[in-house]
1. If you check Leu72 against the conditions, is it under 12 Å from the mean Cα position of the chain (by Cα) and not in a helix (DSSP H, G or I)?
2. Got at least one residue in region 4-20 being crowded, with 18+ Cβ neighbours inside 10 Å, over 30 Å from Gly141 (Cα atoms) and free of Cβ contacts under 8 Å to residues at least 40 places away in the same chain?
3. Just one of Lys94, Lys90 is at pLDDT below 95 and on the phi < 0 side of the Ramachandran plot; which is it?
4. Identify the single condition in (1) part of a strand (DSSP E or B); (2) touching a residue at least 40 places away in the same chain (Cβ under 8 Å) that Ala119 does not satisfy, given that it satisfies every other one.
5. Restricted to region 80-97, and to residues that are of a type in the set (A, V, I, L, M) and touching a Gly at 6+ places or on another chain (Cβ under 7 Å), which residue is surrounded by the fewest Cβ atoms within 10 Å (Cβ to Cβ)?
6. Give the number of residues within region 23-37 that are over 12 Å from Leu144 (Cα atoms) and in contact with a Leu (Cβ under 6 Å, 6 or more places away or on another chain).
7. Kindly provide the set of residues from region 130-155 that are of a type outside the set (Asp, Glu) and closer than 22 Å to Arg107 by Cβ, ordered by number.
8. So, in region 84-99, how many residues would count as being more than 12 Å from Phe124 (Cα to Cα) and in a helix (DSSP H, G or I)?
Amino acid sequence: MVIRKYRKGEELELMEIFISSVHKNAKPYYNEKQLVAWAPSDMDFDLWVTRIGGINPFVAIDNGVILGYADLQDNGYIDHFFVRGGQSNKGIGKALMTHIIHQAQIRGIPELTSDVSLAAEGFFEKFGFCIIKKKRVLIRGVELHNALMRRQLVD
């Protein structure tokens with residue numbers, strides 16, 4: 001598996017990963033109404049392209065196929081962290097998180113934070129993240145639960 005920066009033109013594939021990740025990987029944690037609000041099938045592609053360009057994520061590729069993506073902002077915030085639906089527990093997330101932690105250390109970022117779904121809390125905890133605050137958020141008028149999580153990299 002190779003981890004590299006995303007390239008312009010990969011936005012549609014990243015959108016497909018996002019939607020499949022939410023609808024398959026998070027399905028045990030959220031009801032159908034919540035999943036559709038979080039990742040609707042009719043997402044605005046132009047807004048998505050702008051969003052992906054703004055977060056400039058890393059992608060995990062195996063045999064020429066993008067299997068997941070995640071970003072690291074300059075302030076240590078991880079905005080997106082998604083693995084293709086049905087591809088959980090295959091080392092993709094681990095490879096991405098290991099890469100993000102390494103990049104943060106290289107950049108001298110003292111801590112990582114992320115608003116993490118119920119589906120991802122356990123995964124983030126395995127990498128030393130702790131829950132700072134449980135939250136309820138409104139997405140397209142539908143309430144979802146998540147948590148702000150943090151991992152200190154520098155004491």
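1. yes
2. no
3. That would be Lys90, the only listed residue that is at pLDDT below 95 and on the phi < 0 side of the Ramachandran plot.
4. Answer for Ala119: the failing condition is (1).
5. My answer is Ile92.
6. So the answer is 1.
7. Cys130, Ile132, Leu148, Met149, Arg150, Arg151, Gln152, Leu153, Val154
8. The number of residues fulfilling the criteria is 3.
The values are calculated or read from the model by the stated rules, or taken from the named source; none is laboratory data. These figures come from a predicted structure and were not determined experimentally. Ideal geometry is used to build each Cβ from the backbone, glycine not excepted, and the neighbour counts take in all protein chains shown.
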